[in-house]
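The values are calculated or read from the model by the stated rules, or taken from the named source; none is laboratory data. These numbers were taken from a predicted model, which means no experiment stands behind them. Here Cβ is always computed from backbone atoms with ideal geometry, including for glycine, and neighbour counts include all displayed protein chains. The area values use the complete protein model at the heavy-atom level, side chains included, leaving out ligands, DNA and RNA. Shrake-Rupley method; radii C 1.70, N 1.55, O 1.52, S 1.80 Å.
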Amino acid sequence: MNPADFFVPSFLAAVNESTTDSFRKIMVEPIPGVFTFEMLQPQFCDWFLFEVENFERWIHETKFKIMRPNTMKKFGAVLDDFGMETMLDKFMKDFISPLSKVFFAEVGGCSLDAHHGYVVEYGVDRDTELGFHVDDSEVTLNVCIGIEFSGRDLFFKGVRCDNHVNSTTLPNETVASM
């Protein structure tokens, strides 16, 4: 597999250098610790959506029961369940770990060893929102892939340790919409 088939050149260049400066050249940091950047080639996104739609169609036609991404979602699929585990392992090791080592070393970014990749589907007859929650991860990567949609807002309300996962947001914690 050729990484250039999957990733935009600026992302590949930043990963190849794997320095704070190389990553910062392609990123915007709207609030501390939250980064936005271009990563995936449009043709890869098209292929990916095609594969997800085929899997969902097969599930519907065969009435096959699958595990959904989490307890908050009725629509969506875990990527490992339809053959993408090896791809996600390589993605995490070769492309996300270099970035997480630079920006998230203090919270386990140097030792990523597992992933929970999934897609969710939002729509009128689908899931309509994902309420406030805390991800159980050292690093979270949200990738917005879609054809046409609106309302892609994400809100971040600080970082929580195990003892304070359900505590209220403090005044000094930043809340942002992406």
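Looking at (1) more than 29 Å from Gly83 (Cβ to Cβ); (2) free of Cβ contacts under 8 Å to residues at least 40 places away in the same chain; (3) surrounded by 16 or more Cβ atoms within 10 Å (Cβ to Cβ), which one does Phe23 not meet, given that it meets all the others?
(2)
Of (1) farther than 19 Å from Phe35 by Cα; (2) modelled with pLDDT of 80 or more, Ser97 satisfies all except one. Which?
(1)
Residues checked against (1) modelled with pLDDT of 80 or more; (2) in contact with an Asp or Glu (Cβ under 7 Å, 6 or more places away or on another chain):
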| position | (1), (2) |
| --- | --- |
| Gln41 | yes, yes |
| Ile59 | no, no |
| Thr62 | yes, no |
| Ile66 | no, yes |
| Asn70 | no, no |
| Lys73 | no, yes |
| Asp81 | no, no |
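Being open to solvent by 60 Å² or more (accessible area, probe 1.4 Å) and not in a helix (DSSP H, G or I): is that true of Glu29 here?
yes
Within the range 1-34, can you find the residues that are modelled with pLDDT of 90 or more and among the aliphatic types (A, V, I, L, M)?
Those that are modelled with pLDDT of 90 or more and among the aliphatic types (A, V, I, L, M): Ala4, Val8, Leu12, Ala13, Ala14, Val15, Ile26, Met27, Val28.
Taking only the range 91-110 into account, find how many residues are surrounded by fewer than 15 Cβ atoms within 10 Å (Cβ to Cβ) and without any contact (Cβ under 8 Å) to a residue 24 or more places away in the chain.
Matching residues across the range 91-110 total 4.
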